[in-house]
Amino acid sequence: MTVIVKHNKTNTITDWTQAQLNEQIALGNFPPGTTLANIVLPSDWNNDHTLTGLGTMAEQDATAVAITGGTINNTTIGATTATTGKFTSVTTPSVTATTLDLALNSASTGSVNFSSAGGQLFKISDGGAYGGYWNAFSASGSPSLRAIGNVSGAIDTNSAVPIQFRTNLGSSGAEQFRVGHTASAVNYVQVTGAATGGFVAISAQGSDSNPGIYYTTKGFGSHRFTTNTGGGSEQFRIITNSASTVNFLQVNGSATTLAPQFSAQGTDTNISMAFQPKGTGAIDLAAGSSGVNISNGGTVTALTRTAAGSGYSSPPTVAISAPTTAGGVQATATVTIGLVSVTSVANGGTGYTVGNVLTVVGGTFTVACQVTVTAVSSGVITSASVTTGGSYTVAPTNPVSVTGGSGSGATFNLSFCIGSTFTITNAGSGYIEQPTVTFSGGGGSGAAAYASVGNTATVKGLYGGGSQIPIQFAGPSGNLLQIMESGNTSAPTPLVIKGGSSSTQLYANLSNSSIQFSSNGTGGINFYTNTLAAEQLRVAHTASAVNYVQVTGSATGGQPTISAQGSDANVILNVASKNNSPILFFANGSEQFRAGQTGTAVNSLVLSGATAGLGPSISSRGSDTNINLNFATKGTGGLIFYTNNGANAQFQILDRASSVNYFATRGAAAGASPTLSVVGSDTDINLSLVPKGTGRVQFGTYTGTILTPTGYVEIVDSGGTVRRLLVG
């Protein structure tokens, strides 16, 4: 289809675009379906397309052309009312600027109004190059500004000034929101809504990998976090009282298996944390089954052996679990092995005696282990115990040989355990929970230990009014304090302090467990009554003690016991008084026995029990070669010897004032006779045998035979007269 263009256009058709032609087709200036290829221009187009009498458009001076006469919508062109002229209808709603800018100005205080019947107020477009535009739209009385198309909408300023959002402009306006300026900003705040059940989000975004976000108040204003829209329920508040704050609280989340952190941070080297309730309110720590961990440092400071294990031929690898703090350093340690037991005597050797200390040969060590002979049979060792565990990096091979002692040839099978001393090769960092300690390798099993983190954790009350404020622990049902080992799942509360109506209890709430009291260094353990007013018991320090005193109660009908115990085979129990004081023994409140005092005593009394068929003994012992055993009564009391549990008196020694002469008895060797004699300070002393009443002194057996006298023996009768007894 060919279309001949008439002289009714004001520009050259060859310069049109297809879009412009489509616009003319819509106006009815061209048949539908016309394309630029269908258009044929007359040969005289450029010559005839002029304004009569004014020459061609190219010849006109645009600033000097005057249009007079005619009207536009009944307004005379060029009349004095030209400024109020208007188009009441325009077929094509298009205004195109002839320069870069398009200005729409109102007169005086008038407004530039945009309106349409369909609610769309105005449209700002880039001409379709990018497919998006701004659209002002009014629906249900609420006008909105929308970015149309699959594009973002940007609100920009042209200089370093903020973007301000105000409400209630009719009353001079109230600024509600402002977007400030940051030169060369590459990171920004993003606000995101949420679908049903989701969470709206305020986030930091931008080209940086990890942009942070600040929430800053003006002056000393506080941050307040509330629930229940409208600020009805405040849940959290952040305040500051100083413009020069340098320390702050930091909260860190954590990855799987790690613990979130709440810590003090800032420029100071050491920063405390204060948890302050209001009024008489308490600080409540609601913990899970693992309890509340309190640590005074982030490094491993000690390892303590809880089980020695057995069967190790070399030191096992010590593994300390990694810290839960992000960026923390895992601690490392090593341990040696030492002798734990003599499993058997491989060869008893010859010539040994009980008490021989034998040194083990072989292995790689810094301190050799030793064993002590505890039983022999004709010089052959039948049993031995550990004396010194030693320190080894390679255990000797069983059966081991030994040196020392009075014999030779003995060999033993030994079992080695981990040592009690660890070497921390890297203390690590970032430990806020107690790490676990495990052992692997070395050929043995059963070793266990726990790690100590930091220095001693201290919980203390402050001072007030010259006295220290006490720290009180209060629990339900009288349970004042429960102390447990971290990670101990076999019993939740091994050590319990419990109140009662008349006494406070301290006990181990774990089957077959004991309570250990330990002082630091060489300090003792003291027990007081009456609020530390009166010391009643003290346990003193002995370096490297292996023997101890054990106190044991008893069931009904039994006897409580104070005994000596320890690793030695035979342990003496010493009971000592201070200075010249005796040791007293009571029963039912009455003194029954007393151990008197002799200054610098070297000899002592020994009371010994006996095995079946033998009698117990009272004997003298000491450093002297020959030691008497003295029996003394008080006043004129005598010495009486009984049998049959004290029922029958058998022998009595009476008192004689200022006695200087006394009896002496002596046993005899085989074939000789024992003697009863008198000794004393006098030169000549008679031996008196005095019967009671008319009783007589009995001698031997009577024989009715007269013998020829060969001599006599002199005796003294009860009256003091010397008598002679003939001897045949």
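Listing for the model above:
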| quantity | calculated |
| --- | --- |
| Hits in region 215-237 (condition: under 24 Å from Tyr188 (Cα atoms) and either under 29 Å from the mean Cα position of the chain (by Cα) or part of a loop (DSSP other than H, G, I, E, B) (or both)) | Tyr215, Thr216, Thr217, Lys218, Gly219, Gly221, Ser222 |
| Test result for Thr675, at pLDDT 90 or above and either hydroxyl-bearing (Ser, Thr, Tyr) or in contact with a Pro (Cβ under 8 Å, 6 or more places away or on another chain) (or both) | yes |
| Segments classed as strands (runs of 3 or more DSSP E), wholly inside region 675-728, with at least 1 members that are touching a strand residue (DSSP E or B) at 6+ places or on another chain (Cβ under 9 Å) and over 26 Å from Ser659 (Cα atoms) | 711-716, 722-727 |
| Residue, nearest to Val402 (Cα to Cα), within region 366-386, restricted to residues that are without any contact (Cβ under 8 Å) to a residue 24 or more places away in the chain and of a type outside the set (S, T, N, Q) | Ala368 |
| Selection count, region 255-287, where residues are at pLDDT 85 or above, β-branched (Val, Ile, Thr) and touching a Phe, Trp or Tyr at 6+ places or on another chain (Cβ under 6 Å) | 0 |
| Counted residues, region 540-584 - those being assigned to a strand (DSSP E or B) and loosely packed, with under 11 Cβ neighbours inside 10 Å | 3 |
| Hey, Ser617 farther than 22 Å from Thr665 by Cβ and within 60 Å of the chain's Cα centre (by Cα) or not | no |
| Selection within region 228-254 - modelled with pLDDT of 85 or more and not aromatic (Phe, Trp, Tyr) | Ser233, Glu234, Gln235, Arg237, Ile238, Ile239, Thr245, Val246, Asn247, Leu249, Gln250, Val251 |
| Residues located in region 609-636, provided they are surrounded by 10 or more Cβ atoms within 10 Å (Cβ to Cβ) and under 22 Å from Ala657 (Cα atoms) | Leu629, Thr633 |
| Positions within region 417-464 being of a type in the set (Phe, Trp, Tyr), at pLDDT below 95 and part of a strand (DSSP E or B), in sequence order | Phe422, Tyr450, Tyr463 |
| Test: residue in region 129-140 that is modelled with pLDDT under 65, small (Gly, Ala, Ser) and surrounded by 10 or more Cβ atoms within 10 Å (Cβ to Cβ) | yes |
| Test result for Ser385, within 41 Å of the chain's Cα centre (by Cα) and closer than 25 Å to Val546 by Cα | yes |
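Residue-by-condition table, conditions (1) closer than 29 Å to Ala449 by Cα; (2) modelled with pLDDT of 80 or more:
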site: Ser477; (1), (2): no, no
site: Thr504; (1), (2): no, no
site: Thr522; (1), (2): yes, yes
site: Leu532; (1), (2): no, yes
site: Ala543; (1), (2): yes, yes
site: Gly557; (1), (2): no, yes
site: Pro560; (1), (2): no, yes
site: Gln565; (1), (2): yes, yes
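The values are calculated or read from the model by the stated rules, or taken from the named source; none is laboratory data. Source: prediction; values computed, not measured. In this analysis, Cβ positions are derived from the backbone assuming ideal geometry, glycine residues included, and neighbour counts consider all displayed protein chains.
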